[in-house]
Amino acid sequence: MTTISKIAKAAFDAANTAVAGIVSDATLTYSTNAAYNPATGSYSPTGTPITGGRALVQTDKPIADLFPDYIAGPTDILVLLEGFTVTPQEGWSLTFNSHTYEIKQVADILGASELFNVVAA
């Protein structure tokens, strides 16, 4: 059975073969409340990483084409993600190529929860 996930993986593999280094291993990270600190009366946030995905920076499309209501800043980039088992969320971190970005916008391509466009800054 052909799935969006299989098609995305094949496309990322082919892109990386055609242009070495264009596809990068990526990690998503979101904050969760960990241990309760009775002295401060608060929870200490802890970053929870999600690995196994890959990122491809899209330079051929303006951000406004995919996110018309979003006003892109000078450091915003459009990134295509595949291989993650969860849907990225706004405010999460995205790390690839030794850089960490904050996810500003998310689009689930075809609503399949397997391939995503994100705006990251």
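What follows is calculated from the coordinates using simple rules that are stated; it is not laboratory data. Computed from a predicted model, the values in this text were never measured in an experiment. FYI the Cβ positions are ideal-geometry reconstructions off the backbone, even for glycines, and counts take in every protein chain you see.
Counted by neighbouring Cβ atoms within 10 Å, the residues 118, 57 run from fewest to most as 57, 118. Which of these values of Rg and Dmax of the Cα atoms in Å was calculated from the structure shown: (1) 16.0, 56; (2) 15.5, 56; (3) 15.0, 47? Entry (1). Taking 0.36 nm per residue of separation and subtracting the Cα-Cα distance, full extension of the segment from residue 98 to residue 15 would add 27.8 nm. From most to least packed by mean Cβ count within 10 Å, the peptides 34-42, 22-30, 47-55 give 22-30, 47-55, 34-42. Stretched out straight at 0.36 nm per residue, the stretch from residue 25 to residue 121 would grow longer than its current Cα-Cα span by 32.8 nm. When you restrict to C-alpha pairs under 8 Å that are six or more residues apart and normalise by the size of the chain, the relative contact order lands at 25 percent. Along the axis of the charge dipole computed for the stretch 4-120 (Cβ charges of +1 for Lys and Arg, -1 for Asp and Glu, origin at the Cα centre), the listed residues 116, 56, 10 are led at the positive end by 10. Spin-label pair residue 64-residue 90: with each label point 7 Å from Cα along the Cα-Cβ axis, the two points sit 2.0 nm from one another. Helix 4-18 sits at what angle to the longest principal axis of the chain, using alpha carbons and giving 0 to 90 degrees rounded to 10? For helix 4-18, the angle is close to 70 degrees.
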